[in-house]
1. Using Cβ counts within 10 Å as a stand-in for footprinting exposure, how do HIS315, HIS309 rank, fewest first?
2. Name the most mobile residue of ALA250, ALA160, ALA118, meaning the one with the largest mean-square fluctuation, in a Gaussian network model of the chain with Cα contacts below 10 Å.
3. Pick out, from ALA181, ALA329, MET314, the residue whose Cα sits farthest towards the positive end of the charge dipole of the chain, with +1 on the Cβ of Lys and Arg and -1 on the Cβ of Asp and Glu.
4. Normalising by the residue count of the chain, find the relative contact order in percent from Cα pairs under 8 Å and 6+ residues apart.
5. In nm, to one decimal, how far is the GLU89 label point from the ASP208 one, both placed 7 Å along Cα→Cβ?
6. So if each residue of separation counts as 0.36 nm, and I subtract the Cα-Cα distance between ALA288 and ARG316, what length gain in nm does that give?
7. Report the relative contact order of region 68-275, percent, no decimals, based on alpha-carbon pairs under 8 angstrom and at least 6 residues apart.
8. Note the full-extension length gain between ALA369 and ARG138 as 0.36 nm times their separation in residues minus their Cα-Cα distance, in nm to one decimal.
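We did not get these values from a lab; they are worked out from the coordinates using the rules stated. Worth saying up front: this structure is predicted, and the values here are computed from it rather than measured. Here Cβ is always computed from backbone atoms with ideal geometry, including for glycine, and neighbour counts include all displayed protein chains.
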Amino acid sequence: MERRDFLKAGLALGAAAGGGIVTLANAKTAPDLRPGETLRLNSNENPLGLSPAARRAILDGLDEANRYPRDSRVQLIEALAALHGVEPENIVLGNGSTEVLQMSVQALATPRSRLVLADPTFEDVPWYALPFPYELVRVPLDGRFAHDLEAMRRAASSAAGPALVYICNPNNPTGTLTPSAEIDDWIEAAPETVSFLVDEAYFEYCEDPAYWSCVKWVDKPNVIVARSFSKIYGMAGIRLGYGVAHDETAGRLRQFIGKNNANHLVLVAALAALNDEGLIPRSRAANAEGMNILHRALDELGLEYLPSHTNFVMHRIRGELDTYRERMAAHGVRVGRPFPPMLDYNRLSIGLPEEMSRFVEVLREFRSAGWV
Ligand SMILES: Cc1ncc(COP(=O)(O)O)c(C=O)c1O
């Protein structure tokens, strides 16, 4: 189905919901719903899809699908090193940035390590820590919904052994920023027994002058930065991420890598995406437009939301989150999962402007039904 048709089809499962549930099937606002179509506003993907240049590179790359991906791997690593002004030895590729998080957690585990992280934050890091004897310390976000670096600092420095500090900036699920200068202050002063895993999966969406990358700390062996091709680069389905770290630290991470973890097609696609100068501005513009549509509706309905520096928004709901999610699903909309303890909020990914208009129609229906 063409994207346009998909958008026209819009919200659909609602048509099947029936019963006592108010569905959009009867609504004047959504006349051409088709069963089976879903709005996917749940995984913070880039709704514009793959860059046309990346798509071409994948098709051309099929000619080499029978070969191990040596040259394309070297080429992409060199391009990433040039992008960040570092050496190829500083780059570690991952099967998604989640593999970089996994390698970091594994490489830095000791029998006495403490893992310090925000609450709530992205769940992959504590998940990867489960098989290891990490002592988990979760530190609630502060009043700005930023990382409470002071409290995290106390938690790290009071550890009996080494500490691994996970900083997700901007933070998932809140979309909020922790000012980079505050992180810099801590990194600069921290002893080498405190390691920092800085997750910059949404880096390219954030244009705030108080935000910059922690790649500047690459000379410190206790800093690892994780980046993703799943978000602004629109490649979540074909999996690629990377870490930037001191060469010794990068070497430690590689002890836990899956050999040839990035396949040839994703490597050539990533190189093409990096060289597509229009990709980031295009994606930012679409995101800003979708975000505006959502913000206007949330304002109109009096539903509070957190300031987002990403491609998703954490907004208040009324009532039970599980019920809200079920009702959205019944109306053909997938929304974000629960992020305890923020269970009176829902995380919504920004889709195309047309998709956000559709979502707003559903939200208004929900208001009419007294559900939000
Ligand atoms: C903060 C954060 N880090 C890492 C990831 C993992 O991304 P990838 O698809 O690159 O593995 C995600 C995915 O949603 C994320 O939100």
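1. Least to most surrounded, the residues fall as HIS309, HIS315.
2. ALA160
3. ALA329
4. Answer for the chain is 25 percent.
5. Distance between the two pseudo-spin positions: 3.6 nm.
6. 8.1 nm
7. Across region 68-275, relative contact order equals 28 percent.
8. The span from ALA369 to ARG138 would gain 79.4 nm if fully extended.
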